[in-house]
Amino acid sequence: MSRIPIRLRVTLVFAAVMAIVLAATGLFLYLRLESSLNNSIDDDLESRSQQVIRVMRVVDRGLGEAARSLLDTRAEDFAQIMTTSGRLFDPQHQHGQRPPLTRERVAAARQDAITFERAAPNGVPERYLARPFGFEGQTLIAVVGESLETRNDALDSLLELLLIGGPIALLLAALAAYWSVGAALRPVDAMRRRASEVSASGSGQRLPVPDARDELRRLGETLNQMLDRLQTALERERAFVDDASHELRTPLAAHKAELELALRYGATSDELRTAIASAIEEADRLSQLAESLLVIARSDKGELTLKLEPVPIPAVFATVRDRLGARAEREGRSLMFADGSPEAVEADRLRLEQAIGNLVENALRYGEGTVRVWSHTADGRMEIHVSDDGPGFPPEFLPHAFERFRRADAARSTDGTGLGLAIVKAIAKAHGGSAGARNSTDGGADVWIDLAHATAPRQAPEPAAANPG
């Protein structure tokens, strides 16, 4: 059944239901007509029986002329007066067919009126009414009957009409259902044809939506929204690939150039060492870029593996200070960590250190003056901030600060890849948190991540408050 087209499937189901309805309706009409005709015949038999009894009671003895006229055998009607022994009363004045009452029916008719059917000698069924009545001190039984040929003819005519008209009505209803389902599915077919034309070229084609405010319109709108999301994701991935290719091209070209120079002009061991050191530096940059791309790719797929545990913030600050303090000194910058509380967050320590390290490196690369690292708690959440005294972000850049390969205009000539803040956001998102950036009112940039408090904070030694450069 599942392999049948939906249009034909719906039509078959409708036809089956319609067939049941027509059959039930036909049976109801047939039984209703039969019951109505039987009631009409029973009323007629009751009237005739009462008439026979009334006529019998006005005579003194035997059958009078009026009674005999009622008891004449006719083709359509039948009437007899019988004794309780099953014989004809006054048989010399009653002629016609044999009494229809059997011994059992006579016994039943002595007690109360009975109705029954039997076949006449000519094979036509007849319906009878037998009822007892008192006459000259004795009990007699009045029997009246009527042929059912007219009733059966009417029932046969109805059955013939049902057998002919029912299939015709069923066929017309099935055709109407087939056409109606086809008309209802026409917008779906239009969507299918348009969907087959939608390609990955980003043409912006969308599915046609019907005018009616129905389920198909809602389906079309939902699918168009899905296509919008897919196109946005496709454009983002294309931009990601383009930017990644651009970022990889520069270190690869520099790496190749250093090796070629070493091969051609590296006459002394010092020159070879210098070329190899430069090549190693470019290789490190490529490795770091590849790692950054891997983190972002895993984050997009929700596959960034985290080892969550209560992580003391002072311990994380101490690790970041040890890793980047020497660089700050070489650049003549101050790196200050301010957090006197033993608060902890539920996080992967290595990823958290990577995120905070990226924020500090970003401040050292693009900012000026002292780089401050501090935390702020509120409503069971902790914000870890990194701020500097530089010019801050260009206002038009702030909404795009955490997008991959995005860099402010003033930093395009630097060695950054534009992935540092994107990785920070990816790590924060993987922890169920968020990242934000703004320009401080006193000048400089302020970037932070928001994480949840740990359920069981750990005590840790406090780091040094400042590390002047």
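Descriptive notes on the structure:
- Counted by neighbouring Cβ atoms within 10 Å, the residues E331, E126 run from fewest to most as E331, E126.
- Residue separation of N224 and A190 scaled by 0.36 nm, minus their Cα-Cα distance, works out to 10.9 nm of gained length.
- Packing-based exposure ordering (other Cβ within 10 Å, fewest first) of K425, K307: K307, K425
- Per-residue Cβ neighbour counts within 10 Å put Y30, Y178, Y128 in the sequence Y30, Y178, Y128, beginning with the fewest.
- Residues A212 and D153, FRET efficiency given R0 of 41 Å [Cβ-Cβ distance, rounded to 0.05]: 0.20
- Lysines whose Cα lies under 28 Å from that of K307, excluding same-chain neighbours fewer than 8 positions away: K425, K429
- Sequence-distant residues sharing a close amide H with A120 (under 5 Å, placed H): E126
Read-outs throughout are calculated quantities, based only on the coordinates presented, and are distinct from any laboratory measurement. Owing to the predicted nature of the structure, the values given are computational and were not obtained by experimental measurement. Note: ideal-geometry Cβ built from the backbone for every residue, glycine included; neighbour counts use all protein chains shown.
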